[in-house]
1. Count the lysine pairs in the stretch 5-181 that are 8 or more places apart or on different chains: how many have C-alpha atoms under 23 angstrom apart?
2. Treat each spin label as a single point 7 Å out from the Cα along the C-beta direction, and report the residue 81 to residue 221 distance in nm.
3. In nm, to one decimal, how far is the residue 297 label point from the residue 66 one, both placed 7 Å along Cα→Cβ?
4. Greater than 29 Å separation of Cα atoms is the criterion. Which listed pairs, 236/371; 251/339; 215/371; 225/302; 215/339, meet it?
5. Residue by residue through the stretch 294-301, which ³J(HN,Hα) values in whole Hz follow from phi under the Karplus form 6.51 cos²θ - 1.76 cosθ + 1.60 (θ = phi - 60°), with glycine and proline marked x?
6. For the stretch 5-181, what is the convex hull volume of the alpha-carbon atoms per residue, in Å³?
7. Would you kindly derive the ³J(HN,Hα) couplings of the stretch 207-217 from the backbone phi angles with the Karplus curve 6.51 cos²θ - 1.76 cosθ + 1.60 (θ = phi - 60°), listing them in order in whole Hz, with x for Gly and Pro?
8. For the pair residue 337/residue 210, report the inter-label distance in nm, with labels modelled 7 Å from Cα in the Cβ direction.
Amino acid sequence: MQLRQWQSECVNRALEHFESNQRHFLCLATPGAGKTIMAAEVAAELFKQDLIDFVLCFSPSVNISQGIQKTFSYRLECRFDGVIGSVGYSYTYQGMLSFKEDFWQLLKRNRVFVIFDEIHHCSGSNLEDANAWGGEILLNIQEQAQYTLALTGTPWRSDQAPITLSRYTDPDNMIQCDYIYGLKEAVADGVCRIPQIVLIDNDKISVTDKENKTKTYSCLDDLFKSSSISYQSIIKNHEAIRYTLALATNKLKVIKQNNPHAAGLIVASSTEHAAYIFNMLKTEFSETAQIVTYKEDDPSFKINEFRNDSTNWIVSVGMISEGTDIPRLQVCCHLSRVKTELYFRQVLGRILRRNDSANQQAWLYTFAEPKLVEFANRIAEEIPDRPVIFRTHINVSLSEVLSIEKNEIMEEHNLSRSVRKLDLGCNYQQNPIKSNSLDTISSNNIINFVSQSFELLGGFREKVISTFDSPF
């Protein structure tokens, strides 16, 4: 297996680390960099040097676990399914909770190499402050494993809890990674795509209170600061969704001119929200789409099927947020109610993995909610010597944005200097979705609350953040 330079460096660093009697190694590598292949190579070298007898892998989901199993079986040229004759097995963190004492005896009686994918899911520096998965690691793996290799693309937790098996500096409490491979390096090496983040706003939002008094806001930031209208209300608003999908579906059409198998991901906030978006894609935009939520039968099978088929869009609720390898994804709509930096970066990571297609653009669309704006700008600020690029405005009508063809789309060099602005106003006939999934959305685009209602009257606009060299 031909390794990339960073993978070879990390393998050597890990082996040197273990040879110096340090048993726990933490690798931070940007999503899409190829952490699993690197981990399999470390295992192969440890087997070659007769330093281990068995490998255990843990990850956040069944889909990721299955991918790890295939990679390790291929690299080690041996069964990796836990049965007699195999050299290891891949489990989920959830499965860890069902293991009995006889399973954990495996680590006490053998030289076991344990690999943790997305280790940030496991928290706790001791049993008192650990979550369930972190507690199992501290109790049954930390002292018993021959070596451990922890992998992450986002080395922190939203709850600020310490990540299990990690070391922190004193007194600034910064995590200490044994090897770092950031997005800046990955883009320079041609490993990851250059992401573009589009922040969607609206310049005229009318809010009417229970006393029938109306106030108008010029942006989402002002709306959230000065009213009780929530971000979740925006991402469930029919016209806000429709506008976002118009931008995203047209962007995907352009990419598919060169990459026929390119696809898009929409991260929804709930199963009902996902169903609503799925229906809109099918009925209003005539797009081929798949939906994957916990309510669907065999979601892992559907994700695997989507990975290799020609369906344009997959709509999900938290099932394709991290670790899932679908290189044909190049456009993403972040419409989740989760607004943490950890989740934001994980979602962005879904469209960063390069493949051999001609067009390697990666576009993330989301709303200009203050926290999301902060996260996007923070990624841009991590780029040395490159400013955040805010585009100028160009007006187009609704009919234009819904019928844009390739020759009407701005060329990529023009996109570096401009932004599209859609003036929706109230001058067209809306065709509401035939769905009752979101009963908070009414056909006239007004969402009603106990004390307030709001209406998006102005033109949508976007700020595009060019994140050429973000280190994560």
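1. 5
2. About 5.6 nm, to one decimal.
3. That separation, rounded to one decimal, is 1.5 nm.
4. 225/302
5. Per-residue couplings from phi come out as 5, 7, 7, 6, 6, x, 4, 5 Hz.
6. 120
7. Calculated HN-Hα couplings, in order: 10, 10, 8, 5, 8, 6, 8, 10, 10, 10, 10 Hz.
8. 2.2
Here, each number is a calculation from the coordinates, and none is a lab measurement. These numbers were taken from a predicted model, which means no experiment stands behind them. Here the Cβ is made from the backbone with ideal geometry for all residues, glycine too, and neighbour counts use every protein chain on show.
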